[in-house]
1. Can you name the residue in the range 301-326 that is surrounded by fewer than 17 Cβ atoms within 10 Å (Cβ to Cβ) and more than 25 Å from the chain's Cα centre (by Cα) and is also farthest from HIS266 (Cα to Cα) among such residues?
2. Does the range 149-167 contain any residue that is at pLDDT 95 or above, outside any helix (DSSP H, G or I) and touching a Ser or Thr at 6+ places or on another chain (Cβ under 9 Å)?
3. Applying the selection to the range 333-344, what residues are under 14 Å from SER201 (Cα atoms) and surrounded by 15 or more Cβ atoms within 10 Å (Cβ to Cβ)?
4. Has the range 295-302 got any residue that is out of contact with any strand residue (DSSP E or B) (no Cβ under 9 Å at 6 or more places or on another chain) and either of a type in the set (Lys, Arg) or within 30 Å of HIS548 (Cβ to Cβ) (or both)?
5. Keeping to the range 200-234, report how many residues are closer than 23 Å to ASN342 by Cα and assigned to a helix (DSSP H, G or I).
6. Is it the case that some residue within the range 367-376 is of a type in the set (Asp, Glu), in contact with a helix residue (DSSP H, G or I) (Cβ under 9 Å, 6 or more places away or on another chain) and either surrounded by fewer than 21 Cβ atoms within 10 Å (Cβ to Cβ) or at positive phi (or both)?
7. Pairs, please: C-beta under 7 Å, at least 6 apart or cross-chain, first residue at positive phi and in the range 240-258, second β-branched (Val, Ile, Thr)?
8. With the checklist (1) hydroxyl-bearing (Ser, Thr, Tyr); (2) part of a helix (DSSP H, G or I); (3) within 30 Å of PRO559 (Cα to Cα) in hand, flag the one item SER497 doesn't pass.
Amino acid sequence: MTEKSEHQGLTVSDIIVRRLQDWGVARVYGYSGDGVNGLLDALRRANGTPTFIQARHEENAALMAVGEAKYGGTVGVIVSTQGPGAVHLLNGLYDAKLDGVPVVALVGQQHRSVLGSGYMQEVDIATLMADVAVYVAQVSSAEQIPMVIDRAFRKALSRRGPAVVILPHDVQSADAPEHPHEHGVVVTSATYSAPEVRSSSDQLRAAAELLSVGERPVMLVGRGAAEAKEAVIELAESLGAAIVTSLLGKPYVDESHPLVAGTMGHLGTTASAELLGECDGLLIVGSNDPWTEFYPAPGQARAVQIDIDPATIGNRYPVEVAITSDAEPALRSLLTLVRPRNRERWSSRVHDAVRRWHRIRVARAEVDADPLNPEAVVMALNVRLPGNAALALDVGSVVYWYARQLQLPPGVQAHVSSTLASMGCGLPYGIAAKLTDPARPVVVLAGDGGMQMTGIAELVTVASRWQDWPDPRFIVAVFDNGDLAEVSWEQREMEGSPRFPASQALPAFPYAEYARIIGLAGEAVRMRDDLGDAWDRAFASDRPYVLHFRTDPAVPLLPPLSTAGKKIDVMRAALEIERSEGGGMAARALHLLEEYVAIERDDSNGG
């Protein structure tokens, strides 16, 4: 009588699912197709461990997997069929690559026997994925499966990017093999241990000395400081340093602190631009922010950079002292080494710049617009956003209003497709945020462009899943201005060109009515006086809620004036051309541009 094998009756796909379980995967995102039939059947047999989350499109599934990695702090996993399914993954995989988050894609492929024949849906997936992925492997034998899955996870985690495993159909459905202990068979385990990276004491002492001698220090804080929030504040207080953040670093700093000057860059605050323009010392912590024109001028400031990735150090600004380390231990060491100083004049300048910025942002939100000022919409959310919420941002002008107007309660997660800046990420990210913790409220801030790319479709996903959530609060705030406003204002500012309506104008869509049709709740909002009550109704709703805010595309997207130079004149000239060509919003945009400029300039005389 022969001994029963532990794999008897199992397929290779069953082994894949077991390996996903070993790696602690709770969910896989995807869309079905015959290229992954074997894997889908194994997921069915696994009875929801992991759960399969069906998106409306493979691109959206990939963005959800990125969201899983960002909100859940784990590896996001996607399942996709061959051919068009694989091609559709690319946008989400590039989002993972450029924002440095771990994702594993399990991609189907035609039978091995037909590869190279030009078979239906046959695509050279390995070549397709070569640029985006940190690891690509096409499985050619059943014995490879555990090793390839394990390497994919370890590569995704260690190199912080997407890994791709290509699964021919016949391999998926093959019998699960035994793994004899012999030459040619590699036996691996589902384990990963992150390294603890610390810098040398000599580098830390050199950094402390540099930071101690400057008169006007600024700390630029990115998402690499996510686990060092308290140390950031303590070091800033010891140095008397201003704190500015990258867009990705914004959630990890308490913006109510008097030393925090807000987000940097084109979408940043006047305070951040002014203080970066005046500093003589710069400490960059876990940031690779690309807005290099908003850094101090080269040679103006002596710089120290802390980053876990040595390839990032010196990537955006000339650095004198490089500290390759996790942020928390490096900052704690610097706290013991820097010489605390009373930089009274600089501290006073920082406090004045921060207070002035808060006056400016309040004044901007109070400017009348037609119908709604989008800054007022976000301002109304400020006092209503729960401390346990998660925020998902789509890409577009809404990111400006978030960066400038929303002060996140400490601990609230907020994510956006940052480096790739892919429109359409908002709803997929929001769904992933909710699934990683269904007991917390989620707010999605999206423009009409992002909603029309992916959001309308993914509301169907929300409608199909929300009744399983212990907290049904899932609010989608649609900033509908009928325009690709960020691009319109970029054309005016960067090219001196008028808006091109055939390219920029967006068709109307009844977002709130659509939400009600599919079983959600929602309302359209056009009046400033209704903003607070509308947010309150959304947070009190017993089901997901779509707030359709009718916002004004003429509200300008200005860079901080201290960096604008001649750009304001260029924008005026472009708007004058628009007005001469009969552009309907040009006169209002000119008026609002002048009002915004006046607010910032006049406040230099304010209290």
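The values are calculated or read from the model by the stated rules, or taken from the named source; none is laboratory data. Computed from a prediction, not measured in an experiment: that's the story for all the values here. With ideal geometry, Cβ positions are generated from the backbone for all residues, glycine too; neighbour counts draw on all protein chains shown.
1. Among them, the one singled out is GLU320.
2. Checked the range 149-167: at least one residue is at pLDDT 95 or above, outside any helix (DSSP H, G or I) and touching a Ser or Thr at 6+ places or on another chain (Cβ under 9 Å).
3. SER333, LEU334, LEU335, LEU337, VAL338
4. Taking every residue of the range 295-302 in turn, none turns out to be out of contact with any strand residue (DSSP E or B) (no Cβ under 9 Å at 6 or more places or on another chain) and either of a type in the set (Lys, Arg) or within 30 Å of HIS548 (Cβ to Cβ) (or both).
5. Summing the residues that are closer than 23 Å to ASN342 by Cα and assigned to a helix (DSSP H, G or I) in the range 200-234 gives 16.
6. yes
7. Hits for this filter: zero, empty list.
8. (2)
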